[in-house]
Amino acid sequence: GESRPVAAGQKHDKWCSAIGAPPLALYEIGSGKGELITYLARQGFLCKATEVTRERGEKHLKASVPNLVWGVSDGVHLERFESAASYDVVISDQVLEHFHPDDIAAHLRGVHQILKPGGRYIFSTPHRFSGPHDVSRVFKCDTPCGMHLKEYTYREFMAALRQAGFQRAYYAFIPARSAAGKRFWGGLYLRVLLTVEALLSFVPTHKMRRLCAKLLRKLGLFSNGISLAAEKA
């Protein structure tokens, strides 16, 4: 009976570390069953969970959770659902790969708009070079053909974040205590990942690239997922 909260804590602690100390106003895009946002609310963060319909989200909670409210959002045009400069941190976990690629720019602009000055967008999404990460992999496809509409690279997201107005971005899940440490070491590790990614782009076939990515991951030089914290000025 006690093992489930412990397991949840182990799974979600990295998000607490990346976000910082509560209380902060958090907004999650694509909350699903609400496991991550519920955990964060119980740590003292002031949380809003969202899904495209109430039926996809709030119904999964068996009881009300302090510090947590549910809302509806299309996940893209966030400024239509929330007031400007309302949140310290916006998060999404394994969501962006499900959006139409044409909606990513509008999504990032919406996130930027609802963040307070100095606020951060922290997100994780699968990396293209180690994918596909949906059912397509079972059928030995080189590109996602199932529920993932597109999987991305760090370079693509860095360009998109700059275009949306974010001031800086760095690798999100760095085990540093201070915000300055997270920015410094996260920025340094991101430069390593971008360099490795650039080298992998020269590998001629996706199968070989995926194999190289797997080997580099064992050395800590690559990851199956993109994990970024992007800051608003």
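The values are calculated or read from the model by the stated rules, or taken from the named source; none is laboratory data. Remember, predicted model here, so these are calculated numbers, not experimental data. Please note: Cβ atoms are built from the backbone with ideal geometry, for glycine as well, and neighbour counts cover all protein chains shown.
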Being within 24 Å of residue 85 (Cα to Cα) and in contact with a helix residue (DSSP H, G or I) (Cβ under 8 Å, 6 or more places away or on another chain) is true for just one of 198, 176, 169, 159. Which residue is that? 169
Restricting to the range 128-140, give me the number of residues that are crowded, with 22+ Cβ neighbours inside 10 Å and free of Cβ contacts under 8 Å to residues at least 40 places away in the same chain. 2
Do we have any residue at all in the range 201-215 that's surrounded by fewer than 17 Cβ atoms within 10 Å (Cβ to Cβ), of a type outside the set (S, T, N, Q) and within 23 Å of the chain's Cα centre (by Cα)? yes
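From 111, 138, which residue is farther than 30 Å from residue 85 by Cα and assigned to a helix (DSSP H, G or I)?
Numbers: 111 fails: farther than 30 Å from residue 85 by Cα.
When all the criteria are applied, what remains is 138.
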Give all pairs with beta carbons closer than 9 Å in which a residue from the range 62-75 that is over 12 Å from residue 27 (Cα atoms) meets a residue that is part of a loop (DSSP other than H, G, I, E, B) and among the β-branched types (Val, Ile, Thr); count only pairs at least 6 apart in sequence or on separate chains. 74/52
Those helices (runs of 4 or more DSSP H) completely within the range 146-233 that have 2 or more residues that are closer than 25 Å to residue 102 by Cα are 154-164, 179-200
Can you tell me which residue among 125, 143 is β-branched (Val, Ile, Thr) and surrounded by fewer than 18 Cβ atoms within 10 Å (Cβ to Cβ)? 143
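Go through the range 144-166 and give me each residue that's under 25 Å from residue 194 (Cβ atoms) and at pLDDT below 85. Even if it seems obvious, please write down each step before you answer.
Taking the range 144-166 and keeping what is under 25 Å from residue 194 (Cβ atoms), we get 144, 148-166.
Answer for the range 144-166, where residues must be under 25 Å from residue 194 (Cβ atoms) and at pLDDT below 85: just 144.
Among the candidates 42, 109, single out the residue that is closer than 26 Å to residue 173 by Cβ, surrounded by 15 or more Cβ atoms within 10 Å (Cβ to Cβ) and within 18 Å of the chain's Cα centre (by Cα). Spell out the reasoning first.
Numbers: 42 fails: within 18 Å of the chain's Cα centre (by Cα).
The conditions single out 109.
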